[in-house]
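The values are calculated or read from the model by the stated rules, or taken from the named source; none is laboratory data. Note that this is a predicted model, so its numbers are computed, not measured. In this analysis, Cβ positions are derived from the backbone assuming ideal geometry, glycine residues included, and neighbour counts consider all displayed protein chains. Just the protein is used for accessible areas: all its heavy atoms, side chains included, with ligands, DNA and RNA removed. Shrake-Rupley method; radii C 1.70, N 1.55, O 1.52, S 1.80 Å.
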Amino acid sequence: MNMYKTFLHGGDYNPEQWLDSPEILEKDIEYMKKANINEVTLGVFSWSVLEPEDGVYEFGWLEEIINKLHKNNIKVMLATPSAARPKWLADKYEEVLRVDESRHRNLFGGRHNHCYTSPQYRRKVREINVRLSKTFGNHPAVIAWHISNELGGECHCPLCQEAFKEWLRKKYKTIDALNKAWATTFWSHVYNDFSQVESPSVRGENGLHGLNLDWKRFVTDQTVDFVKAEKEALLEGGSNLPIIINMMYDYCGLNYFKFKDVVDIASWDSYPTWHKGDDVEIAVDTALQHDFIRSLFKKPFLLMESCPSSTNWQSVSKLKRPGLLLASSLQAIAHGSDSVQYFQIRQSRGSSEKFHGAVIDHYGKTDTRVFKEICEVGDGLNKIEEICGSKTNAKVAIIFDLESRWAMEDAQGPRNKGLHYRDTVKKAYKGLRRLGLNVDIINMEQEIDEYEIVFAPMLYMFRDGFEQKARNYVEQGGSLVLSYWSGIVNETDLCHLGGIPHQLLDVFGLRSTEIDGLYDGEYNYGVSVENNHLNLNKTYRCEHLCDLVRETTATPLLTYQEDFYKGFPALTCNTFGKGKAYYICADFEQQFYDDFCEKLVEEKEMQLELLNIPRGVQVTTRETDKDIYVFVQNFNKEAITVDMPLNKYTIIYGNYDGTIQSFGTVILKRNK
Ligand code: GLA
Ligand code: ZN
C-alpha cells in the first residue's frame, strides 16, 4: 500500500474561477462523490487570487473549499502558485520576466514566463509558500505539495548569465580546463576568463557543442535549485508532506532524473493523440513514457493529468471513443501509477482552455457520456484497490539517456536529417513488450546489475564510468546490446580517441571503423548467417545508418547484403566473461527487433507470464511480496482471442470469454 492506501482518482480543480457562483461549487462536490473522485489538485495558477496585491494574502476561499472537501473525504494536493505570476508582480519587479535567447525580455503573459534565478521572484515564491505551508500544511485533507506546474523553459537574463558563469567556475575551476573541454580553439573561440562566457544564442555562439550541453545541464540544475528553494519554504512553514512535480511527454528541456533528490513522487501529464492513426502504436508509445517516468525513481508514480475527452490544444480535438478512457487509465495503473487524475474537473468558461475536455462540462450536469465513463474509471479503481502501491519488477531495461541525446542531436553528422533515436529505442521496447515483459527505461547513471538484458541503442556519449559498468555487467553474465553510433564522445562532447565504442573494443570484440549515412528511401539488408547461434533465419531491411565494423573476436550473426560493405557484419555477438555483448550495426526494421528480442529472452531462459500474445495486446505486471497481477489489455479495434492459462490465475477484473473486447482490460492474479 502506498501512503494514500487507495488509488487516487481526481485531478486539477480551479474553484477560484467560480467564486461568484457558490451553487456551482456545491454541485462540484456532489458530482465528485458520484464519480468516486477522492482527490483534487488545487491552487495551480491561483496566485493572483491568493495574493491580489503585494503582501495582501486572501486564503479564506481556499480554506473554505479545503474544509468542504475534507468533510466529503476528498483529499487535496496543494500546488504552489509559481507557474504563473500576477500582473502586479511582473510590473513591480521587472527582473521576474524571462529573457529569451536573443536577449529580449518577454512581456507579461502566459505561464512559466519567470526567471528562476531572480532573487525577487524567489523571495515572493518563498513568502507565499511559507504562508501556504503554515495555513494548510497540517490540514488533514492535504496530502502532498504539487510544486509549480510543468516546469520548463529557460531564461537568458543577466542574472541567469551570472549564475551560469558561477556554475561553470565551480565545474571547471580554471578557464583552461573549460577551453579544453569545449575545444574552443576551433574557429578561435578561446575564452580568457569565465566572465566572458555567455549562454548560447542564435545571434551569437551556438556551435560550441560543449557550451550548448553545459547550458542545458545548467538549466536543469537551476530548475532543480528553484524546486529545492520552494521545498525549503514549505519546510520552513512547518510541512513536510511529499513533494511532487508533474513532468511532460518526451520533454527534452530538463533532465528529470536530476530531480531525484528533491522530489518524492514522479508524475506526468499524459495527452496521447488517441485515434490519430493506429491506437496500438499510440498505446505502445504511451506505455514507454509511463515506464520512463516510473524508472526515474523506480517506484510507483502518479498520472497527474489526462484528458477525459478531447484535448483542445492538439491540432484536431478528437473525442475518446467509448471505452478508451478506462483502457488508458488502467494502462497507467498497469505500468505503476497509483492514480488516475484529469485535467480538469470543471471546464473553464473563458480563455484558452474553455474547450478542453473536463469531468464536468459547460452543460453542468452528470448525464453525459464522458461523466459516465469517469464513473466507470472510479468504479474500476475501487475494484482493484489491492493493487495500489504494488511494485513493478522489470528484468530488462533500455538505456534512453537524455544528456547523450542532447549531444547527439546537436552534433553535426552522421545524419542531420534525423537520427531517429527515440524511434530506435521504441523498436527495442516493442520487441521486448511483445513478449509481455516489463521494461525499465533508464539512463546511463542508473545501475544495470539487476537486469538480465540491457539494450543501449545509439549511446553516443559514454560518461560517468559507463565503460566500466558495461564491462562488469557483461563479465558477470549480463547480455548487453549496444548499437551503431555508441561510445563516440565523452561528457563534454569531445570525441574519444583510440577507437570506438570507447574502451569496450575487447568487450564487443570489434571496432567501429566508419558509419554510412543513408538518404531517406535508401536501404540495405542484413542477411542471416547460416547456423548462427540465435537461429535467426530472415533477411531484415535497414535504413538511415550503417556502421562498418571490423571484428576481432566477435561473431557475425547478420551480414550486409549490398553496397561496398556487402558481407561486413550487420549484427555481432561476442562472449566476454560470463556474458554476451551484442552489437547491432544498422537501423533495422521492427521485425528484426521482434525476432532478436525473442531469441535473447529464450537464450536467457526467462519466464514469461503469457505466450503468443497477439498484436495490439499489452501484458504488464505489478507485484507485491505475495502476488503477481497481470494486466492484459486489448488496444485493437476488434475483440481478440487471447490464450490465458486460467488454471494458474484468478480473474480479478474484466470480462474474458476466450476473447478480450476492443479497449478491454482483464486483470489476472496469481500467487508467487
Ligand atoms: C498541461 C497543464 C494544464 C493544462 C493542460 C491542458 O498539462 O499542466 O494546466 O494546461 O496541459 O491539456
Ligand atoms: Zn533569468
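Annotation: aspartates and glutamates with alpha-carbon distance below 17 angstrom to Lys626 (same-chain offsets under eight excluded): Glu385, Glu386, Glu609.
Just the protein heavy atoms count here, and of the accessible area of the chain at 1.4 Å, carbon and sulfur take up 48 percent. Taking Lys and Arg as +1 and Asp and Glu as -1, the other residues whose beta-carbon sits under 14 Å from that of Thr135 total -4.
Measuring nothing but how far apart in sequence close Cα pairs (under 8 Å, 6+ apart) lie, relative to its length, the stretch 617-671 scores a relative contact order of 40 percent.
Counting only aspartates and glutamates at least 8 places from Lys417 when in the same chain, those with an alpha carbon closer than 12 Å to its own are Glu409, Asp520.
The antiparallel fraction among DSSP beta bridges confined to the stretch 396-603 stands at about 65%. Entry note, the chain: relative contact order of 11 percent, from Cα contacts under 8 Å with a spacing of 6+ residues. Pairs from the list Lys599/Lys669; Lys578/Lys604; Lys383/Lys426; Lys216/Lys469 with a Cα-Cα gap above 23 Å: Lys599/Lys669; Lys383/Lys426; Lys216/Lys469. Considering only DSSP beta bridges whose two residues both sit in the chain, what percent are antiparallel, to the nearest 5? Antiparallel bridges: around 55 percent, rounded to the nearest 5. Hey, what number do you get for the chain at 222 nm if only DSSP H runs of n ≥ 4 count, each worth -39500 (n - 2.57), divided across all residues, to the nearest 500? For the chain, the value works out to -9500 deg cm²/dmol. Averaged over its residues, the chain has an accessible area of 40 Å² per residue, based on protein heavy atoms and a 1.4 Å probe.
Hey, how many Å between the Cα centroid of the stretch 79-119 and the Cα centroid of the stretch 594-672? Computed from Cα coordinates, the inter-centre distance equals 49 Å.
Taking a ≥ b ≥ c as the square roots of the eigenvalues of the alpha carbon gyration tensor, the stretch 195-336 is oblate, as a/c is not under 1.5 and a/b does not beat b/c.
Classified by the C-alpha gyration tensor, the chain has an oblate form. Its axis ratio a/c, with a ≥ b ≥ c, is 1.5 or above, and a/b does not exceed b/c. Sorting the segments 327-337, 40-50 by their residues' average number of neighbouring beta-carbon atoms within 10 angstrom, most packed first, yields 327-337, 40-50. A protection proxy built from the mean count of other Cβ atoms within 10 Å ranks the segments 413-425, 204-216, most packed first, as 204-216, 413-425. Which shape class, rounded, prolate or oblate, goes with the stretch 396-603 when its Cα gyration tensor gives a ≥ b ≥ c as root eigenvalues, a/c under 1.5 marks rounded, and past that a/b bigger than b/c marks prolate? Since a/c stays below 1.5, the shape of the stretch 396-603 is classed as rounded.
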